Number of protein chains: 2
Amino acid sequence: MNIRHLTFRLLQVYVAVVASGTVSEAARRLHLTQPTVSMQLKRLGEAVGEPLLESRQGRLYPTEAGSELYRASREVLGRFDDFDDYLSALRGGERGRFSIALVNTAQYVLPRLLGPHSRAFPEVEVTVHIGNRRQMLTRFERQEDDLYVFSHPPSLAHARAGRFLRNPLVAVAPRGHPLATREQVDMSELLGERMLLREPGSATRMLFESWLQEQGLTLGPTLQMASNEAIRIGVAAGMGLAVLSEHVLPPEHPDIVILPVAGLPIESHWQFIVRSDRRLSHAALGFLRFAAGHLDECVEPRFLSNELQGLLDRLEEAPRNLTTRRTEP
Amino acid sequence: MNIRHLTFRLLQVYVAVVASGTVSEAARRLHLTQPTVSMQLKRLGEAVGEPLLESRQGRLYPTEAGSELYRASREVLGRFDDFDDYLSALRGGERGRFSIALVNTAQYVLPRLLGPHSRAFPEVEVTVHIGNRRQMLTRFERQEDDLYVFSHPPSLAHARAGRFLRNPLVAVAPRGHPLATREQVDMSELLGERMLLREPGSATRMLFESWLQEQGLTLGPTLQMASNEAIRIGVAAGMGLAVLSEHVLPPEHPDIVILPVAGLPIESHWQFIVRSDRRLSHAALGFLRFAAGHLDECVEPRFLSNELQGLLDRLEEAPRNLTTRRTEP
DNA sequence: ATGTTATATAGATATTTATCTATATGGGGG
DNA sequence: CCCCCATATAGATAAATATCTATATAACAT
């Protein structure tokens, strides 16, 4: 048997003929003319090299070889129907895989989205990478992930962005601090105190420093700590003051006070960033759709700032490269 | 996914690419050039409508959709390999089905061939039809069977024949009959006695009668019986004499004597008859091959007359109609 | 940087396919 | 014996496929 010239179409035609028992009827069902079907049948017979059908009292019945071919054809066509279903599931974002990279601070909020999403789409595998802004930028350059979360997006030359959450930076002091009971504080009053800061490369620190620069202020004594958690606990323990994302504070925080500093909070927004030069996986797209639709159910309303629909619309227009896609190592 | 333009060849190429991890290597294995394979891959990707491969550190890895397609392709190609094996078995006569039609008398001998054959090819299903010559001729006209056994073939316009066994007709009398001890008997001496005859339409009767005619003799009193068995037993019981195929007599027959009639035995041969206008099933062909090769192990040497190889040779030349074959109801 | 290697694209072509309309053929029923 | 239905064949054509060589592009290793 010569498999080289075997098409799935040919098998479909053959199956239709066996199922209907006549060439003409099959032709009608397939919206073809009778000679067309006859020809296909002939070709198929030649490819197989055996008689496939025999006619008895006006109907066509498969020979031995024909029956086996019918069985094989059904199985094979069925297998590809399944594959089609699989593709639909992939396309619908119901299954598949994506990876998302978060700046540290965002890890306090993103699980509120990721959790419900993975309950809704249990077949989707998600990988989450966490690090500071600098590290995430590197991942972004290397195109290592499908989605990124930044407060301030990188270049945007090769990226699309969509805000989804307010990320206010507030000044915090330990309960009992002299400034903690004041109606109004000026940032200059804080700068004499020791400030606990994240490492350079952190988005929070970057935002804070550029804000200070705008205000024409300079930092006094500082102490560098590697994580938001450590800073929060440090502040509570009286090691100094800090400027932190409000999301870092737990709902109840009896030993920490937010200072009413003039000009604060520093407003920023988290946004999902998608590289525009890399095809977005269906699963990641599905997550964005999910986020756009369910964000309000997942986070506190005061932080809401959902501009994801716009991002989705812009992504829809994007052209697609169907055969291959590239990923850097 | 558009299944219309999907070929098995395309899947083979795809599988080779995934298996080897590079287009060029796959091209070498398939004895194609690299651009050819690239093109095929592109077409396949278009047919599927999803990226199938992504390149990482110089090797190609399937995407999610690509992996599933790979699995589907392997299964589907495997299924058709199995189908190919099935075809080979069919062609080799190792499996399948055939039917054979015997004139009554031949039923004493054919099981000696059919038995060993079905032990050697347990997957082959055989249907045996038995009847008198007239009935077998009808089956032959209607093309109801793959093989026929006659002593004298019909027209031969649409048939090929091959002798395989002597079928001598002898005159028999009960032990103790006056003629039973004679050295030499003349047929005319028998015709006064009552002769037991098969029904008109029987080959044995036809042969006997035409032999009588040649000799210019006429039958005396007769008695018609529906089977060779009945006649044999009738002769033993003294109901009369008969002319029978020697095969009808059991190896030991103490109550029956073969008379040494001048001009007897009437020599005839059984032959396998194959319609030349109908494609012979592989299974039937396999049986003929088996018979040609093993006849001498299956029957008594004195009856041997194996001309089947000649028949097989003539069948090999026959043209084939690959797509369809016809059978009358 | 630079040469090497792997892929992709372009351009070309013979072959095959899918499909039609029109016509011949062949079998079964009256 | 003739007619009707189903099937097969012929002839035609637009599209697609398979395949090549030559060349451009991208990625990788020095």
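The values are calculated or read from the model by the stated rules, or taken from the named source; none is laboratory data. Being a predicted model, the structure only gives us computed values, none of them experimental. Using ideal geometry, Cβ is built from the backbone for each residue, glycine included, and neighbour counts are taken over all protein chains shown. Each accessible area value is taken on the protein alone, full model and side chains, heavy atoms only, with ligands, DNA and RNA left out. Shrake-Rupley method; radii C 1.70, N 1.55, O 1.52, S 1.80 Å.
Within the stretch B:276-291, can you find the residues that are touching a residue at least 60 places away in the same chain (Cβ under 8 Å) and either out of contact with any His (no Cβ under 6 Å at 6 or more places or on another chain) or buried (at least 22 other Cβ atoms within 10 Å of the Cβ) (or both)?
Here is the first cut: in the stretch B:276-291, the residues touching a residue at least 60 places away in the same chain (Cβ under 8 Å) are B:276-278, B:280-291.
Those that are touching a residue at least 60 places away in the same chain (Cβ under 8 Å) and either out of contact with any His (no Cβ under 6 Å at 6 or more places or on another chain) or buried (at least 22 other Cβ atoms within 10 Å of the Cβ) (or both): B:278, B:280, B:281, B:282, B:283, B:284, B:285, B:286, B:287, B:288, B:289, B:291.
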Inset, instruction - Those residues that are under 17 Å from the mean Cα position of the chain (by Cα) and in a loop (DSSP other than H, G, I, E, B), I need them from the stretch A:126-141; list them, please. - result: none
Legend entry - Residues being more than 14 Å from residue A:265 (Cα to Cα) and out of contact with any Ser or Thr (no Cβ under 8 Å at 6 or more places or on another chain) - total across the stretch A:211-220: 6
Legend entry - Conditions (1) more than 12 Å from DNA strand D (Cβ to nearest atom); (2) part of a helix (DSSP H, G or I); (3) surrounded by fewer than 19 Cβ atoms within 10 Å (Cβ to Cβ): number failed by residue A:99: (2)
Legend entry - In the stretch A:116-140, the residues that are exposed (fewer than 15 other Cβ atoms within 10 Å of the Cβ) and without any contact (Cβ under 8 Å) to a residue 12 or more places away in the chain: A:119, A:122, A:138
Inset, instruction - Would you point out which residue out of A:52, A:11 is closer than 18 Å to residue A:71 by Cα and within 11 Å of DNA strand C (Cβ to nearest atom)? - result: A:11
Inset, instruction - Test residue A:99 against the stated conditions and say whether it is within 14 Å of another protein chain (Cβ to nearest Cβ) and of a type outside the set (A, V, I, L, M, F, W, C). - result: yes
Inset, instruction - Output the residues belonging to the stretch B:5-52 that are facing another protein chain (nearest Cβ under 8 Å), more than 21 Å from residue A:282 (Cβ to Cβ) and touching a residue at least 40 places away in the same chain (Cβ under 8 Å). - result: B:5, B:6, B:8, B:12
Legend entry - Given (1) away from DNA strand D (no atom under 15 Å from the Cβ); (2) open to solvent by less than 20 Å² (accessible area, probe 1.4 Å); (3) touching a helix residue (DSSP H, G or I) at 6+ places or on another chain (Cβ under 6 Å); (4) in contact (Cβ under 8 Å) with a residue 60 or more places away in the chain, index of the condition residue B:91 fails: (2)
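Applying the selection to the stretch B:53-73, what residues are aliphatic (A, V, I, L, M) and facing chain A (nearest Cβ under 7 Å)?
Quick first cut of the stretch B:53-73, residues aliphatic (A, V, I, L, M) only: B:53, B:60, B:65, B:69, B:72.
Selection gives B:53, B:65, B:69, B:72.
Yes or no: the stretch B:199-206 includes at least one residue that is basic (Lys, Arg) and outside any helix (DSSP H, G or I).
Within the stretch B:199-206, the first condition is being basic (Lys, Arg), and the residues that meet it are B:205.
After this cut, where a residue has to be outside any helix (DSSP H, G or I) as well, the list is none.
No, the stretch B:199-206 has no match at all.
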Inset, instruction - Determine whether the stretch B:19-30 contains at least one residue that is closer than 27 Å to residue A:97 by Cβ and more than 10 Å from DNA strand C (Cβ to nearest atom). - result: yes
Legend entry - Sole exception among (1) more than 30 Å from residue B:316 (Cβ to Cβ); (2) within 7 Å of another protein chain (Cβ to nearest Cβ); (3) hydrophobic (A, V, I, L, M, F, W, C); (4) away from DNA strand C (no atom under 12 Å from the Cβ) for residue B:87, by number: (1)
